[in-house]
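Novice: Below is a structure I'd like to ask you about.
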Amino acid sequence: MSSSRVALAGSTGSIGTQTLDVIAAEPDRFELTALGASGRKLDLLIAQAEAHRPKVVAVADETAAAELTARLPQCEIRAGDGALASLANEAEVVVNGVVGFAGLPVTLATLEAGQRLALANKESLIAAGPVVQRARRTPGAELVPVDSEHCAIHQCLRANDNPSRVERLVLTASGGPFRGRSRAELEAVTIDEALAHPTWSMGPKITVDSSTLMNKGLEVIEANELFGAPAGDHGVGIGFDQIDVVVHPQSIIHSMVEFTDAATIAQLSLPDMRLPIGYALAYPDRSTTPFGRIDWSTLSRLDFEPPDLEAFGCLRLAYAAGRAGETSPAWLNAANEEAVAAFLAGRLRWTQIADVLAAALDLYDGTPATDLETVIDTDQRARRIAGEVIERIAS
Ligand SMILES: NC(=O)c1ccc[n+]([C@@H]2O[C@H](COP(=O)([O-])OP(=O)(O)OC[C@H]3O[C@@H](n4cnc5c(N)ncnc54)[C@H](OP(=O)(O)O)[C@@H]3O)[C@@H](O)[C@H]2O)c1
C-alpha cells in the first residue's frame, strides 16, 4: 500500500496534536508533508516540525517567518495570508484543524485543488455554505467530516444504498458541563466551569460552544450542509426538519441515522477524536489503529433526554439561522465568535452569549450568499454589530 501524503493546518491545537498521534501510529500509511498554525505557539510548532519532519511549515503570522527559517533550516517556510491555504498543494489529504472563520481559506483551497478535505473546522462550512458547496464540485474534491457526529453519520449512511430511505439524522450532544441547570442557575457560571467539559478535551472556543449548545446548533447547520443536498450532489436530501438533537451524556453514541422502516443505525466508541481523524485519513478504507475501543463489560448504561431550549437558547437560534440560510449562518457564526471571545476575556456573563446572538440576529440584513467576498463582508459586518451589542450589554 502506498502512503498517503497529509497536510495539517492548525497543528498546534487539539485536533492538530491528535492528528499527529494518528499519523505517528501508522507511519507506513500516512506521510506528513506539511503543517501549519497561526504562529502564536512557535516553540510547539518547531518541536512538531522536528519530530515529524514535514517538507513545508506555514504560519499565518508573517513576523514569525525569520525565526522559523533560522530554527528549521531543513523546511521550506511559508508565512502570511494564504500560507496555510497553500498547503493544499503539498498533499492528497488536508486536515483542517484551524479554529473559527479563519479556517475558510484552507477549506476552499483544498477543495478547489481537487483534494480530500478532512474537515474539523466546521465554521468554514457553516459560514460559507453555498461557496463551499460550489468548491465541492471540483473534480477530485472530497469532503470527509472529522467532527465526531458527522463522521458517525457518514459511517451510518454507508449502511444504506438508497438515499431516499433516510428518514432523519439524530445528532447526539453530551449536554456539556451545565446539563440540567435552569436559566436562573446559569446566571453566575464561571469561565473555568464552562471550560470543564465532562466528556471531551478540546480547544477553548469549541468547549464554550459545547457549554451553550451553540456547538450543537452549528453542527445542525453543518449536517444540513453535508447531507442536505440531493443524492448525487453529496447529500441524502434531508432538511432542518429531519435533523434532530438528543442529549446523550455519556458521549458513546456519536450520532444516528433513522431510516424509513424505523431502523436506526448508530456509531459507538469512547469519546476520542483520533477515531474520526483516522477515519477521514483512511477513508474509504479504515484505520488499523483502535482509538476509543469500548469495554462492553464496564459500559453499563446509555441515557438520552431532549435538549432544554429555554436554558440553552443558542441551539434554537442556530436552527433559525440555518433555516434562514444564505449569509444568516455566517452572521450567527461571526457574532458567536465575538461573544465567546468576550466571555473568555471576562467581559460577558455566560448567559449574555445567547443575548448577544439574539440581538445580533435581530439586526441581520438578509444578504444573499452570492460569492466569497459577500461572505467575508458579512462576517466582518456581523463582528462589528456583535461588538457594539457586547459594548452595550457588557457587565
Ligand atoms: N478539539 C476537538 O476535539 C474538536 C472536535 C470537533 C470539532 N472541532 C473543530 O476543530 C477546529 C479546531 O478546534 P480545536 O479544539 O483543535 O482548537 P484549538 O485547540 O484552539 O486549536 C486551533 C488551531 O487553529 C490555529 N489557528 C487559530 N487561529 C488561526 C488563524 N487565524 N490562522 C491560522 N491558524 C489559526 C491555532 O494555531 P496557534 O496555536 O498557533 O494559535 C491552532 O493550531 C474547530 O473548528 C472546532 O470546532 C474540534
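None of the figures in this text is laboratory data; all of them are computed from the coordinates on show. Everything numeric here is computed off the predicted structure, so don't read it as measured data. Glycine also receives a Cβ, built like all others from the backbone with ideal geometry; neighbour counts cover every protein chain displayed.
Novice: Among Ala66, Ala49, Ala88, which is away from the ligand (no atom under 15 Å from the Cβ), part of a helix (DSSP H, G or I) and either within 24 Å of Arg286 (Cα to Cα) or not charged (D, E, K, R) (or both)?
Specialist: On the way: Ala49 fails: away from the ligand (no atom under 15 Å from the Cβ); Ala88 fails: away from the ligand (no atom under 15 Å from the Cβ).
Among Ala66, Ala49, Ala88, only Ala66 is away from the ligand (no atom under 15 Å from the Cβ), part of a helix (DSSP H, G or I) and either within 24 Å of Arg286 (Cα to Cα) or not charged (D, E, K, R) (or both).
Novice: Something else about it: If Ala60 meets every condition in (1) under 23 Å from the mean Cα position of the chain (by Cα); (2) within 18 Å of Arg5 (Cα to Cα) apart from one, which number is that one?
Specialist: Here Ala60 meets the rest and fails (2).
Novice: Filter the stretch 1-12 down to the residues that are surrounded by 24 or more Cβ atoms within 10 Å (Cβ to Cβ) and of a type outside the set (Ser, Thr, Tyr), then identify the one that is nearest to the ligand (Cβ to nearest atom).
Specialist: It comes out as Gly10.
Novice: Can you say whether Asp192 is under 30 Å from Ser300 (Cβ atoms), more than 16 Å from the ligand (Cβ to nearest atom) and in contact with a strand residue (DSSP E or B) (Cβ under 8 Å, 6 or more places away or on another chain), as far as the supplied structure shows?
Specialist: When the stated conditions are applied, Asp192 does not pass them.
Novice: Can you name the residue in the stretch 13-30 that is within 16 Å of the ligand (Cβ to nearest atom) and among the aliphatic types (A, V, I, L, M) and, of all such residues, is nearest to Pro73 (Cα to Cα)? Can you show your working first?
Specialist: Residues of the stretch 13-30 within 16 Å of the ligand (Cβ to nearest atom): 13-23.
Those still in the list that are among the aliphatic types (A, V, I, L, M) too: 15, 20, 22-23.
Values: Ile15: 26, Leu20: 21, Val22: 26, Ile23: 23 Å.
Among residues in the stretch 13-30 that are within 16 Å of the ligand (Cβ to nearest atom) and among the aliphatic types (A, V, I, L, M), the one nearest to Pro73 (Cα to Cα) is Leu20.
Novice: Considering only the stretch 13-32, state which residues are of a type outside the set (A, V, I, L, M, F, W, C) and surrounded by 19 or more Cβ atoms within 10 Å (Cβ to Cβ).
Specialist: The first filter runs over the stretch 13-32 and keeps only residues of a type outside the set (A, V, I, L, M, F, W, C), leaving 13-14, 16-19, 21, 26-29, 31.
Hits for the stretch 13-32 are Gly13, Ser14, Gly16, Gln18, Thr19, Arg29.
Novice: Please tell me if Arg53 is charged (D, E, K, R) and either on the phi > 0 side of the Ramachandran plot or without any contact (Cβ under 8 Å) to a residue 12 or more places away in the chain (or both). Break it down stepwise before answering.
Specialist: Values: charged (D, E, K, R): yes; either on the phi > 0 side of the Ramachandran plot or without any contact (Cβ under 8 Å) to a residue 12 or more places away in the chain (or both): yes.
Yes.
Novice: Identify, by number, the condition in (1) within 15 Å of Glu90 (Cβ to Cβ); (2) in contact (Cβ under 8 Å) with a residue 40 or more places away in the chain; (3) within 14 Å of the ligand (Cβ to nearest atom) that Thr33 doesn't meet.
Specialist: Evaluating Thr33 over (1) within 15 Å of Glu90 (Cβ to Cβ); (2) in contact (Cβ under 8 Å) with a residue 40 or more places away in the chain; (3) within 14 Å of the ligand (Cβ to nearest atom) leaves (3) as the failure.
Novice: Which count do you get for residues in the stretch 161-182 that are within 16 Å of the ligand (Cβ to nearest atom) and part of a helix (DSSP H, G or I)?
Specialist: Going through the stretch 161-182 one residue at a time, the tally reaches 0.
Novice: Within the stretch 247-257, track down each residue that is closer than 24 Å to Gly325 by Cβ and either of a type in the set (Lys, Arg) or more than 19 Å from the chain's Cα centre (by Cα) (or both).
Specialist: Narrowing the stretch 247-257 to residues closer than 24 Å to Gly325 by Cβ: 255, 257.
Selection gives Val257 alone.
Novice: Which pairs turn up if I take residues in the stretch 240-252 that are at positive phi and look for partners that are surrounded by fewer than 19 Cβ atoms within 10 Å (Cβ to Cβ) and among the aromatic types (Phe, Trp, Tyr) with beta carbon separation below 7 Å, at least 6 apart in sequence or on another chain?
Specialist: Ser251/Trp200
Novice: Something else about it: Could you run through the stretch 133-148 and say how many residues are over 13 Å from Asp233 (Cα atoms) and either within 14 Å of the ligand (Cβ to nearest atom) or not small (Gly, Ala, Ser) (or both)?
Specialist: Narrowing the stretch 133-148 to residues over 13 Å from Asp233 (Cα atoms): 140, 144-148.
Filter again for either within 14 Å of the ligand (Cβ to nearest atom) or not small (Gly, Ala, Ser) (or both), leaving 144-148.
Total satisfying the criteria: 5.
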